[in-house]
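All remarks here apply to the structure that follows.
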Amino acid sequence: MFKFTQYFSTKHTPQSEAIPGSKQVQNSAGGYSFELDDWKRFDRFLILGADGGTYYVSERKLTIDNAEIVVKLLASDGVKVVDRIVAVSQSGRAPKNDAAIFALAMAAKLGDEATRRAAYAAMPKVCRIGTHLMHFAEYAQAFGGWGRGMRKAVAGWFNDKPAVELAHQLIKYQARDGWSNRDLLRLAHPRAASPEHDRLFSWVTKGELTAGVVASDESYALLENVEALKKAESLQRAVKIVRDAKLPREAVPTQWLTEAAMWDALLPHMPMTAMLRNVATMTRVGLLRSGSNATKLVTAQLRDGARLRKARVHPLGVLAALNTYRKGRGVKGNGTWEPVAAVIDALDDAFYKSFGAVTPSGKRMLLALDVSGSMTTGTVAGIAGLTPREASAAMALVTAATEREHEFIGFSAASGGYGGQWGGGEPGITRLAISPRQRLDDVVKTIEKVPMGGTDCALPMIWAQKQRIDVDTFVVYTDNETWAGAVHPAQALRDYRNARGIPAKLVVVGMTSTGFSIADPTDAGMLDVVGFDTSTPAVIADF
Ligand code: CA
């Protein structure tokens, strides 16, 4: 008998070839993967962005590829694109809002009439703070000029906010990335909605208070305090103004920002996101010390889950803060501090709490981390020092914290690359002794030490079958650039189901915004989710 099926079978196909009859495409590593549906790819883009690119694809190409998907989706259903942007942005599912703002600017400029209207109407929901608005203006400029729709939307952004809220925005976000409130007001040229708004606009465009006005309203009084703070000659006076008027850090002249007393004045009304960004500074100036009152206040707030979620604090923002803080020195090399253990513990706690509550599924889960070489390059959502490898470990810990029956493995490839006998005697597999009871920074250190190798995303299923391990759900954290295996991951899962008699499922947690997946879209037992989407742990538990 000639073994035709040795070369052509839908059950076992090398990853260097497409499964016959499937719509697989070549991935960036040269292997074959399934192609992600455009809407799902759009979700990946909205959540992960394209900053930093991937191991295989430059930031430039990844951005262009994703923008082309947006163009395609705008042509098919522009209003749905806008709805999706709003849903992801408003719920705070993404670590950064930039991709949502970029896509919204595309919709506003490149969409049909109904899409443009929807995009401008949605603008204040997506551009919630001054920085967002400036980013929107910058992105929109790449797709066209300041038409009527744009002017009206920007004017509305300023006019529709109550004056006090607008004053806070104008004080906090005066200029970003080559744009200022003055530029925006000059281009949009709004007619002020009220005398209060008029005075705020005048302060922005002229750079000074309107002469002769007696502080008759709260918003104007805020501006007066900002101006008084600029002129304050003693620390004592500056501190008093900040404390009484609850002014933000952005209003404080830099000479006072090295003073513990100033940070002490800022702390009681400091928003959560600012607190996260400034834990290192507050430690450096001596405000956060072991056992100090300020430390107690900061750690209590960091451990407050409801507060974290209300402020849309993203777990990745917490992880980035923790990663920098524990090192005791800034990424840019400016300044060192002695990390306070209580703050590190609180940041660790904040990471889990910022995901919100997840109801455990009680299923047996194999949490499989792709530790191949490609996972160590690039950054997740543009956060310095955070590679897909570290990010995926952190992500997996959230599921481990809720699911009792879990096991961790790291996998690369058994052959066809740099695979080898690491840990447990299994080629390309390392059993990972990590646990959510460990501190996140220790886990990251453990993950950093695991040897790298080629990529075979089928290994977790093959390994579990060989080891006779019962698994209900395989959760694979990967960039989906698989190439080194003798069978495809989807085929290995079907083999596993048959061999163990368990209708096992596969959840693929995509850690890069490419269009590839190892999950077979025609198999209802396989699911794609996005790494560092705050809803992902709940989706995994529900699947
Ligand atoms: Ca790889």
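Every listed requirement among (1) assigned to a loop (DSSP other than H, G, I, E, B); (2) under 26 Å from residue 510 (Cβ atoms) is met by residue 143 save one, (2). I'd like to check something: does segment 49-61 contain any residue that is more than 16 Å from the ligand (Cβ to nearest atom), out of contact with any Asp or Glu (no Cβ under 9 Å at 6 or more places or on another chain) and assigned to a helix (DSSP H, G or I)? Looking for residues that are more than 16 Å from the ligand (Cβ to nearest atom), out of contact with any Asp or Glu (no Cβ under 9 Å at 6 or more places or on another chain) and assigned to a helix (DSSP H, G or I), one finds at least one in segment 49-61, hence yes.
Could you check segment 357-378 and list, in sequence order, the residues that are in contact (Cβ under 8 Å) with a residue 60 or more places away in the chain and more than 16 Å from the ligand (Cβ to nearest atom)? First the steps, then the outcome.
To start, the set of residues in segment 357-378 that are in contact (Cβ under 8 Å) with a residue 60 or more places away in the chain comprises 358-361, 363-378.
If the condition is that a residue be in contact (Cβ under 8 Å) with a residue 60 or more places away in the chain and more than 16 Å from the ligand (Cβ to nearest atom), then 358, 359, 360, 361, 363, 364, 365, 366, 367 are the ones that fit.
For residue 155, the test of being small (Gly, Ala, Ser), more than 27 Å from the chain's Cα centre (by Cα) and surrounded by 15 or more Cβ atoms within 10 Å (Cβ to Cβ) is passed.
Of all residues in segment 430-475, how many are closer than 16 Å to residue 414 by Cβ, within 16 Å of the ligand (Cβ to nearest atom) and not charged (D, E, K, R)?
Taking segment 430-475 as the starting set, the residues that turn out to be closer than 16 Å to residue 414 by Cβ are 430-431, 450-467.
If we keep only those that are within 16 Å of the ligand (Cβ to nearest atom) as well, we get 430, 450-460.
Checking which are not charged (D, E, K, R) leaves us with 430, 450-455, 457-460.
Final tally of qualifying residues: 11.
Taking residue 185, is it of a type in the set (A, V, I, L, M, F, W, C), more than 21 Å from residue 157 (Cβ to Cβ) and at pLDDT 95 or above? Answer is no for this residue. Taken as a whole, the structure leaves residue 395 outside the set of residues that are in a helix (DSSP H, G or I), outside the structural domain of residue 98 (by TED's automatic domain parsing) and within 16 Å of the ligand (Cβ to nearest atom). Among all positions in segment 479-492, there is at least one residue which is among the hydrophobic types (A, V, I, L, M, F, W, C), within 15 Å of the ligand (Cβ to nearest atom) and modelled with pLDDT under 95.
Regarding segment 342-351, can at least one residue be identified that is farther than 19 Å from residue 398 by Cβ, at pLDDT 95 or above, in a helix (DSSP H, G or I) and outside the structural domain of residue 91 (by TED's automatic domain parsing)? I'd like the intermediate steps shown before the answer.
Here is the first cut: in segment 342-351, the residues farther than 19 Å from residue 398 by Cβ are 342-343.
Narrowing the set further to residues that are at pLDDT 95 or above leaves 342-343.
Remaining after also requiring in a helix (DSSP H, G or I): 342-343.
Now narrow it down to the ones that are outside the structural domain of residue 91 (by TED's automatic domain parsing): 342-343.
Among the residues of segment 342-351, at least one is farther than 19 Å from residue 398 by Cβ, at pLDDT 95 or above, in a helix (DSSP H, G or I) and outside the structural domain of residue 91 (by TED's automatic domain parsing), which makes the answer yes.
Among the residues of segment 62-101, just one is closer than 18 Å to residue 121 by Cβ, outside any loop (DSSP other than H, G, I, E, B) and touching a His at 6+ places or on another chain (Cβ under 8 Å), namely 101.
If you go through segment 379-390 and keep only what is in a helix (DSSP H, G or I) and either more than 16 Å from the ligand (Cβ to nearest atom) or of a type in the set (Ser, Thr, Tyr) (or both), you end up with 381, 382. If you go through segment 1-37 and keep only what is within 16 Å of residue 413 (Cβ to Cβ), of a type in the set (Ser, Thr, Tyr) and surrounded by fewer than 17 Cβ atoms within 10 Å (Cβ to Cβ), you end up with just 16.
The values are calculated or read from the model by the stated rules, or taken from the named source; none is laboratory data. Here the structure is a predicted model, which is why all the values come from computation and not from measurement. In this analysis, Cβ positions are derived from the backbone assuming ideal geometry, glycine residues included, and neighbour counts consider all displayed protein chains.
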